[in-house]
Amino acid sequence: MLLGGDDVVEAAHDLSAAVRAIDWQATGQTSGTLEEWRELHRGAFRAINNFHEAARTDLGVLGSVTGEKHPERALLLPASRREGNQSSG
């Protein structure tokens, strides 16, 4: 917040909110389905990319980290947490 402009600060706040939502579900403070969990992560990845874009623009860095050459990422799950492969123990 000391060095970034308004767009960077707002992107950082959005990123923080996205990560907090993941933390709340991970620690059981909120509940949700696996698909909702995945959507929280997709939102966090978008927020990270938005923050990076805002910071790069603020710093005058040319280029982009979004678009066809940098596709949206999805949540990676260990085999034990993938749909249809959840253990009972």
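Below, the figures for the structure above:
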{"quantity": "Convex hull of Cα atoms in region 6-70, direction-averaged projection (nm²)", "calculated": "5.0 nm²"}
{"quantity": "Contour minus Cα-Cα distance for W24 and E39 (0.36 nm per residue)", "calculated": "4.0 nm"}
{"quantity": "Residue-count net charge about A11 - beta-carbon cut-off 12 Å; Lys, Arg +1, Asp, Glu -1", "calculated": "-4"}
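Values in this text are rule-based calculations from the coordinates and carry no lab data. What you see is a predicted model; the values in this text were computed from it and never measured. Neighbour counts are summed over all protein chains in view; Cβ atoms, including those assigned to glycine, are modelled from backbone coordinates with ideal geometry.
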